[in-house]
Amino acid sequence: MVRLFMRGRGEGSGTQMRDATRALADMTRRLLALEEEATVSVSEIACGDPACGGAETVVLVMRPGHPTQAAKVLMPVARVTEEDLLAALQPLSQMMRAG
């Protein structure tokens, strides 16, 4: 079962935001090779850092029996590429391999 939680203020329409967050959640699942029981949450939140243009993307990975892990991308959901996401998920991937 795939469970996704998507929130955000986002650029574009609600449908575009849902599509973008779903795509990022699917990419996260694929890039981290997550098991079916894992939950991925993609949110866009306000960011005060000028580098992120007013919004940042937060990806939470919740796996049964493990602490929740978070990754941030300093840009709005609609602008995050697979390469951006891969770079942000790198520390999570390393932690998952280590333990």
Checklist entry - In region 21-35, which residues are buried (at least 19 other Cβ atoms within 10 Å of the Cβ) and either more than 17 Å from residue 96 (Cβ to Cβ) or at pLDDT below 95 (or both)? => result 21, 24
Item to check | Residues satisfying the stated conditions in region 66-92, i.e. at pLDDT 95 or above and of a type in the set (Gly, Ala, Ser) | outcome: 70, 71, 87, 88
Checklist entry - How about region 53-99: which of its residues are over 15 Å from residue 32 (Cβ atoms) and β-branched (Val, Ile, Thr)? => result 57, 58, 77, 80, 81
Next on the checklist: Cβ-Cβ distance below 9 Å, separation of 6 or more or different chains: which pairs start in region 76-99 with a residue that is farther than 16 Å from residue 58 by Cβ and in contact (Cβ under 8 Å) with a residue 40 or more places away in the chain and end on one that is surrounded by 14 or more Cβ atoms within 10 Å (Cβ to Cβ) and among the β-branched types (Val, Ile, Thr)?
Outcome noted: 96/61
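The values are calculated or read from the model by the stated rules, or taken from the named source; none is laboratory data. What you see is a predicted model; the values in this text were computed from it and never measured. Cβ coordinates were reconstructed from backbone atoms using ideal geometry, including for glycine residues, and neighbour counts include every protein chain displayed.
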